[in-house]
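One structure is given here, and the rest of the page talks about it.
The values are calculated or read from the model by the stated rules, or taken from the named source; none is laboratory data. Since the model is a prediction, treat every value here as computed from it, not as a measurement. In this analysis, Cβ positions are derived from the backbone assuming ideal geometry, glycine residues included, and neighbour counts consider all displayed protein chains.
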Amino acid sequence: MKVAKFGGSSVASASQIQKVLNIINSDDERKIIVVSAPGKRHSEDIKTTDLLLRLYEKSVAKLDYQNKKEEIIERYADIIRDLNMDENILTEFDDILEQRIKANQSNPPRLKDALLSCGEDFNARLIAQYNNAQGVPTTYASPLDAGITVTNTPQFAQILEESYDKIYNLRKIEGKIIVPGFFGYSKQGNVVTFPRGGSDITGAILARGVRATLYENFTDVSGIYRANPNLIKNAEIMEEVTYSEMRELSYAGFSVFHDEALQPVQKERIPVVIKNTNRPEDPGTFIRYDREIKPDHLITGISCDKGFTVINVRKYLMNRQVGFTRKILSVLEDYNISFDHMPSGIDNVSIIMRTHQIRGKETKVLNEIRKQCDVDELGIDNDLAVMMVVGLGMNQMVGTANMITSALAKANINLKMINQGASEISMMFGISVKDADDAVRAVYDGSCAHAKENLQLK
């Protein structure tokens with residue numbers, strides 16, 4: 001049994017939905033289907049989720065929201081007309097929106113979840129109804145029916161372990177099953193949305209719950225590129241990558257598949273494949289627990305993300321002071337700030353975090369660190385990008401760090417810091433934001449040249 005998820009661009013219009021159903025119906029093993037809200041039909045278009053966000057903003061401000069609601073209904077009306085469907089379902093959508101506004105208007109976080117989830121929910125109802133009309137037995141299953149029970153924190157749903165036993169019962173349903181992505185239901189009966197990449201998370205949860213043989217994630221690209229194709233002309237597509245490699249790459253900017261969605265499938269070692277809705281015949285990229293290391297691709301991928309801040313702390317004889325770093329981290333904990341990296345020397349330590357974590361708290365955090373740690377020097381730098389060079393086989397390649405630093409030096413890019421774990425699956429490089437794109441190009445070209453040299457030597 002396969003679980004397949006289709007992203008916003010895949011279900012943005014009637015013609016795209018017909019492509020999706022051709023893919024679904026062509027394989028009896030594709031039983032459980034997760035769909036996103038309709039995405040952009042063209043570059044100037046607006047995502048349905050963004051329309052719902054505007055509806056939320058109007059309704060929470062107690063302004064007239066009817067025009068925004070009509071705009072959302074019309075988005076689905078376009079699809080329904082092009083599919084020659086009965087338009088009665090639009091009245092149902094209108095009623096649901098009104099009910100959710102009236103029920104949650106006094107509680108903005110709940111209202112936001114209740115409205116934003118409608119994008120996926122309406123699309124799932126629509127697609128299930130249409131596929132049934134085409135003679136293919138299809139069941140719409142809400143996350144409540146599917147057994148997706150989550151924590152009760154708005155916009156931050158986490159699956160409850162007990163859910164998986166109930167999800168397994170989906171295997172008993174005959175025909176195709178369409179489930180909306182992005183949200184679940186709490187035990188209190190509230191709609192709660194997942195964080196970023198919500199539909200990917202839903203698909204992974206269902207794949208684990210039904211013990212799927214494969215989780216197919218359909219999008220608008222034919223796999224995962226080794227580097228950003230907007231930066232690298234003719235960038236290669238990976239044939240396969242491990243969960244751990246994908247986690248590192250997603251962290252630093254790879255947006256095709258969200259890293260949080262890997263957790264459910266990784267636990268059961270369910271393989272994932274990223275495929276193209278518009279080119280379903282393409283092999284795509286497989287994400288597996290383990291893979292064979294190929295000598296020409298010891299570096300799997302290169303990603304770079306901006307929006308990082310680093311706190312630099314210097315204290316003479318720091319290495320001899322028991323609990324020094326713990327004191328710094330306790331300050332961050334007090335301000336609810338998590339950190340990503342912590343490269344250090346004998347007299348200094350740098351703590352890297354997402355800028356949004358510390359924004360607005362900078363002065364208070366630095367003052368508290370001074371108070372708690374009696375530092376010699378203390379500074380903060382918001383101009384930081386983090387580049388990750390990832391590869392399962394890097395520990396088998398002599399001179400990886402030299403190759404990367406040489407490539408950066410040749411491109412006249414200054415390194416602010418380097419961090420590497422003992423597993424040697426990845427290396428982190430801190431660079432200025434202005435150098436981020438050039439750094440990716442330099443390292444990609446350098447790694448390709450290095451791989452060719454290694455093959456020639458062998």
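Would you check if there is a residue in the range 410-425 being surrounded by fewer than 21 Cβ atoms within 10 Å (Cβ to Cβ) and part of a helix (DSSP H, G or I)?
Among the residues of the range 410-425, at least one is surrounded by fewer than 21 Cβ atoms within 10 Å (Cβ to Cβ) and part of a helix (DSSP H, G or I), which makes the answer yes.
Condition first: out of contact with any helix residue (DSSP H, G or I) (no Cβ under 7 Å at 6 or more places or on another chain) and outside any helix (DSSP H, G or I). Now tell me which residues in the range 8-21 satisfy that. Before the answer, list the steps.
Narrowing the range 8-21 to residues out of contact with any helix residue (DSSP H, G or I) (no Cβ under 7 Å at 6 or more places or on another chain): 8-9, 12, 15, 18-19.
The answer is Ala12, and nothing else.
Name every residue in the range 22-39 that is surrounded by 15 or more Cβ atoms within 10 Å (Cβ to Cβ) and either without any contact (Cβ under 8 Å) to a residue 60 or more places away in the chain or in contact with a helix residue (DSSP H, G or I) (Cβ under 6 Å, 6 or more places away or on another chain) (or both), in order of residue number. Walk me through it before giving the result.
Narrowing the range 22-39 to residues surrounded by 15 or more Cβ atoms within 10 Å (Cβ to Cβ): 23-25, 30-39.
Answer for the range 22-39, where residues must be surrounded by 15 or more Cβ atoms within 10 Å (Cβ to Cβ) and either without any contact (Cβ under 8 Å) to a residue 60 or more places away in the chain or in contact with a helix residue (DSSP H, G or I) (Cβ under 6 Å, 6 or more places away or on another chain) (or both): Arg30, Ile32, Ile33, Val34, Val35, Ser36, Ala37, Pro38, Gly39.
Can you confirm whether Asn131 is in the same structural domain as Ile17 (by TED's automatic domain parsing), without any contact (Cβ under 8 Å) to a residue 40 or more places away in the chain and over 19 Å from Glu71 (Cβ atoms)? Working first, answer last.
Numbers: in the same structural domain as Ile17 (by TED's automatic domain parsing): yes; without any contact (Cβ under 8 Å) to a residue 40 or more places away in the chain: no; over 19 Å from Glu71 (Cβ atoms): yes.
No: the conditions fail for Asn131.
Determine if the range 92-114 includes at least one residue that is among the hydrophobic types (A, V, I, L, M, F, W, C), in contact with a strand residue (DSSP E or B) (Cβ under 6 Å, 6 or more places away or on another chain) and closer than 23 Å to Asp64 by Cβ. Give the steps one after another, and end with the answer.
First, the residues of the range 92-114 that are among the hydrophobic types (A, V, I, L, M, F, W, C): 93, 96-97, 101, 103, 111, 114.
After this cut, where a residue has to be in contact with a strand residue (DSSP E or B) (Cβ under 6 Å, 6 or more places away or on another chain) as well, the list is 114.
Retained after the next criterion (residues that are closer than 23 Å to Asp64 by Cβ): 114.
Yes, the conditions are met somewhere in the range 92-114.
Could you check, for the range 116-137, whether at least one of its residues is crowded, with 20+ Cβ neighbours inside 10 Å and on the phi > 0 side of the Ramachandran plot?
No, the range 116-137 contains no residue that is crowded, with 20+ Cβ neighbours inside 10 Å and on the phi > 0 side of the Ramachandran plot.
Please go through the range 237-258 and give me each residue that is among the acidic types (Asp, Glu), modelled with pLDDT under 90 and in contact with a Lys or Arg (Cβ under 9 Å, 6 or more places away or on another chain), ordered by number.
Pass one, the range 237-258, residues among the acidic types (Asp, Glu): 239-240, 245, 248.
Right, trim to modelled with pLDDT under 90 and you get 245, 248.
Glu245, the sole residue that qualifies.
For Thr325, are the conditions met, namely being in contact with a strand residue (DSSP E or B) (Cβ under 8 Å, 6 or more places away or on another chain), outside the structural domain of Val440 (by TED's automatic domain parsing) and over 30 Å from Met397 (Cα atoms)? Steps first, answer last, please.
On the way: in contact with a strand residue (DSSP E or B) (Cβ under 8 Å, 6 or more places away or on another chain): yes; outside the structural domain of Val440 (by TED's automatic domain parsing): no; over 30 Å from Met397 (Cα atoms): yes.
Considered against the rule, which asks whether it is in contact with a strand residue (DSSP E or B) (Cβ under 8 Å, 6 or more places away or on another chain), outside the structural domain of Val440 (by TED's automatic domain parsing) and over 30 Å from Met397 (Cα atoms), Thr325 comes out as no.
Of the numbered conditions (1) part of a helix (DSSP H, G or I); (2) within 28 Å of Leu21 (Cβ to Cβ), Gly135 satisfies every one except a single condition; which is it?
Against the list (1) part of a helix (DSSP H, G or I); (2) within 28 Å of Leu21 (Cβ to Cβ), Gly135 comes up short only on (1).
Pairs needed: first member in the range 253-273, surrounded by fewer than 17 Cβ atoms within 10 Å (Cβ to Cβ); second member anywhere, among the acidic types (Asp, Glu) and in a loop (DSSP other than H, G, I, E, B); C-beta distance under 9 Å; at least 6 residues apart or different chains.
Short answer, once both residue conditions are applied: Arg269/Asp290.
Just one of the numbered conditions (1) under 17 Å from Ile293 (Cβ atoms); (2) touching a helix residue (DSSP H, G or I) at 6+ places or on another chain (Cβ under 8 Å) is not true of Val398; which one?
(2)
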